[in-house]
Every structure is written in C-alpha cells, then in structure tokens.
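The values are calculated or read from the model by the stated rules, or taken from the named source; none is laboratory data. Every value quoted in this text rests on a predicted model; they were computed, and no experiment measured them. Virtual Cβ from ideal backbone geometry, glycine too; neighbours counted across all protein chains shown.
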Amino acid sequence: MKLLEAVTAPRFAALLIIMFLSGCMTPRTTLLPRGSRLGIAGDVAVSAQGEKATAASTAEDLGLSAERIFLPRIDFDWDRFHASAELFHTDYTGLGRAKGDLSFGNAEVAPSVPLETEASFDYVIGSMLYDFYVNGTFRLGAGIGAGMTAYDLYFKQITPPPLELALDDRLPFGYLTVRAYRDFGFADLLATASGLAYSSQTSDIDYLEFEGRAGIPLFDGGKWGAGSALVGYRYHQLKFIWTPPEGTLDLDLDLYGPYVGLGYTF
C-alpha cells in the first residue's frame with residue numbers, strides 16, 4: 001500500500017526525464033487509436049454526514065449498460081525501456097430505480113422511484129517500464145505510472161418533485177505495472193496488469209486493471225513506418241470512497257469489455 005502511494009506524479013516525471021536524457025537512440029513511436037465497448041457492473045451507495053446508506057444500488061438497478069468509447073494511446077520504445085501515455089473516458093446513462101436513499105449534503109433522492117442516472121469516469125495516465133528479462137522474442141517487464149482520475153455522478157428523480165443530486169471529485173494517483181510480451185512473427189501478444197492504492201483525508205481509492213492484446217502486422221513500409229491491427233480485452237476494478245463534510249460516496253465498480261484498433265509505428 002505505502003509503496004503504491006509513494007509513486008507520485010513528480011517522482012514519475014523525474015524518472016521519465018532521466019530516461020529521455022539517458023537514451024542513446026531515438027525512440028520508436030507507436031500511435032494506437034482504439035475503440036471499445038465497456039460494460040459496467042457493481043454498486044454505489046451515497047449517504048449524508050453521520051448516516052449509513054440504507055442500501056447500495058447496482059448498475060443494473062440504475063439502468064446503466066455498456067457504452068462505446070475511444071481509447072487513444074501513444075507508446076515510446078527504447079529497446080528495454082518503454083513509456084506510454086493514454087486517455088480513458090467513459091460515459092454511462094440509464095433509467096432505473098435506486099434501492100436505498102441517495103442523500104448528500106442538503107440533496108436527497110428517494111428510493112424506488114424512477115431515476116435518471118449519468119456517470120462519467122476519466123483517466124489520464126502515463127507509465128514507464130523496463131524489460132528486466134529478455135529471452136529471444138519473449139520479454140517480461142515492470143514499472144511505475146502516474147496520472148489523474150475524475151468522476152462525475154448525476155442523479156435526477158423523474159417523478160415530482162424533480163429532485164437532483166450531483167457529485168464529482170478529482171485526485172492524482174500512482175500505480176505499479178507489469179507486462180509480458182511475445183512476438184511470434186505473424187502476430188504478437190501483450191498482457192499487462194496494473195494496480196494502485198491511494199488515500200487522503202477525504203478519499204480512498206483501490207484500482208486494478210488487466211489487459212490482453214493481440215497485434216497482427218498489416219504492412220511494413222520501411223521508412224514510412226509499419227501498421228498493425230489490434231484486438232484486445234480490458235478489465236478495470238475500481239473501489240472508491242469519498243468522505244467530504246457533506247457525506248459519503250462508496251463506489252465499487254467493474255468496467256470490462258473488448259476493443260479493436262490500429263497501431264502505426266514510425
């Protein structure tokens with residue numbers, strides 16, 4: 001836990017700068033535009049200060065379902081060193097009914113009434129890895145990453161009175177990551193696992209991510225670069241507790257689904 005929390009954005013930036021300055025060659029750069037359909041599962045509970053949530057509402061209760069998203073990413077490779085940056089944004093909307101009261105500060109939405117829900121999650125992350133084991137076309141590496149996460153939740157009671165409840169927060173985080181890579185010539189496989197734990201006076205976050213990807217070469221244009229087709233699967237587990245003076249938000253969510261995309265290396 002303390003090791004993960006120690007990976008702060010300034011430390012990550014300093015290490016990344018050192019890697020650039022110590023590099024003995026220009027990095028190989030890869031652009032990876034990808035599209036995904038991420039499903040959502042889990043539950044959410046919101047309670048006012050000093051109160052306990054009467055019940056947690058699941059994503060199914062709130063009518064939230066899979067959404068199409070865009071996943072841009074850029075990779076830099078220096079033989080054994082690897083750096084990447086990625087944007088991650090999801091928007092979910094649904095019509096459902098909450099199992100328990102949703103109360104926060106002076107706002108409250110009653111349970112078991114028609115409810116409109118909007119939920120969005122954002123991540124801007126960067127990572128740096130080093131391949132500590134290389135055997136032919138197989139590589140095993142580990143590293144660190146840092147970024148910023150944000151969420152926005154909006155609940156609106158459809159039946160009169162039209163009550164509304166909105167919550168949002170932003171926080172930086174650090175994480176550890178490992179990856180395994182194998183190039184078969186006709187295709188390559190990549191698997192990564194990342195995790196973080198972050199605590200502050202008002203926030204606690206635990207995050208796990210697993211990703212598997214296959215790449216199939218499409219062309220090798222020499223000095224014009226090389227292209228490949230990508231297909232993969234991502235799984236994210238997010239546990240988040242926010243305790244400002246107005247109350248408590250308890251999120252326990254799973255985001256998961258396949259993606260397809262292209263890779264262009266130059």
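Miscellaneous remarks
- Within the stretch 216-253, the residues that satisfy the criterion of being in a loop (DSSP other than H, G, I, E, B) and small (G, A, S) are G221, G225.
- Among the residues listed as A66, A110, the single one being touching an Asp or Glu at 6+ places or on another chain (Cβ under 8 Å), over 28 Å from L140 (Cα atoms) and of a type outside the set (V, I, T): A110
- Selection status of S47, modelled with pLDDT of 80 or more, farther than 18 Å from L167 by Cβ and not hydrophobic (A, V, I, L, M, F, W, C): no
- Residue within the stretch 72-79 that is out of contact with any Pro (no Cβ under 9 Å at 6 or more places or on another chain), exposed (fewer than 15 other Cβ atoms within 10 Å of the Cβ), closer than 30 Å to T137 by Cβ and at pLDDT below 75 present: no
- Only residues that are outside any loop (DSSP other than H, G, I, E, B), more than 16 Å from the chain's Cα centre (by Cα) and among the hydrophobic types (A, V, I, L, M, F, W, C) were counted in the stretch 147-199, giving 8.
- In the stretch 162-169, the condition of being surrounded by fewer than 16 Cβ atoms within 10 Å (Cβ to Cβ) and at pLDDT 95 or above is met by no residue.
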